[in-house]
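Here, each number is a calculation from the coordinates, and none is a lab measurement. What you see is a predicted model; the values in this text were computed from it and never measured. Cβ sites come from the backbone with ideal geometry, for glycine too, and all protein chains shown count toward neighbours.
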Amino acid sequence: MGLAAVRTRALANAQDQAVECGEDPGLPSIDEGHDNSSEDIFEPDPQVPGNRSQEHPDLPTFEEQAFAAFRRGETERVGRLSRAELTRAREAGDVAGQVDALCMLARVAVRGGDLTRGGTLAAEALDLARGAGDRALQKSPVHILAAIARMAGEFDAARAGYVESIALRHELGPAEAVVWEQLNLGHLELRTGHPEKARELFGVVWNYATEHDLGDLLAYAGLARAVLAETDGEPAGAARLLVQAEAALRTRGEVLDPDDAAEAAALRTRLVAKLGQAGFDAHYAAQEP
């Protein structure tokens, strides 16, 4: 089964389930806050299934640990820990652990440029989540499948995935997760010729990030504003916004997620073509202390 077929099947199944439950696939509103506190990552404790139990309620879960490391660019380490977690979860019959590990392995594959493997892993995770009847477990695989479709230029599948992902997050929370997916949908709207829809979504994201002082979301929203500025015919402004977003991530010790990294790389190529390499580089020099 090819990449498109894998994603189409998985996302179609997710959409069908949403319709059966009577959900509205439209864009929900943001009506609640979310604490964005972070925890330091450490090696998983093999004695604590899923890295959290009643005896260890304060331990971060495997997913929390692995995603934090992924955001820091520790891709090889995430792959190693995810393979170990998948083995543990399969032996223990822990469906949630399997879904989390498969999703992290899918992210690793996508960052490495293997969209086909990423789609296969995410589809397997979604099948497990649906088989368990756990809607919360469906959030990550649906999101990853949508991101892969967007990166592959399969925009109809990406839109279906993002709409389903937003509906799941609106139903299950937290509100911040809805906003992150609205950011992704905004990029899709821009790439499919709907700049005003993208502008509206990016505005929601920027306002939420500034209101709640979310540094990571602000950096990603800054990239979105850069892409929008270039679309509006303001390459110099777009270059400044791109440089500022990248600088904010460096300060945090983080790297872009693969789908956003692809947006940034494509934007950089367009800006260099419009400004020239020297003109583009001048904006980096302006950011140096």
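Okay, here's what the table says:
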read-out	value
Cut-off 15 Å, label 7 Å out along Cα→Cβ of A132, residues of region 82-116 by amide N	85-105
FRET efficiency for R250 and N207, using Cβ-Cβ distance with R0 set to 22 Å, rounded to 0.05	0.35
Relative packing of peptides 265-272, 61-68 - highest average C-beta neighbours within 10 Å first	61-68, 265-272
Cβ crowding within 10 Å averaged over residues, with 147-153, 119-125 ranked highest first	119-125, 147-153
Gain upon complete extension [A285, T61; 0.36 nm per residue less C-alpha separation]	76.6 nm
Virtual spin-label span in nm between R270 and K197, 7 Å along Cα→Cβ	1.7
Inter-probe distance in nm under a simple model that places probes 7 Å from Cα toward Cβ, at D114 and A261	1.5
Principal axes of region 131-289: Cα extent on each, largest first, Å	55, 31, 24
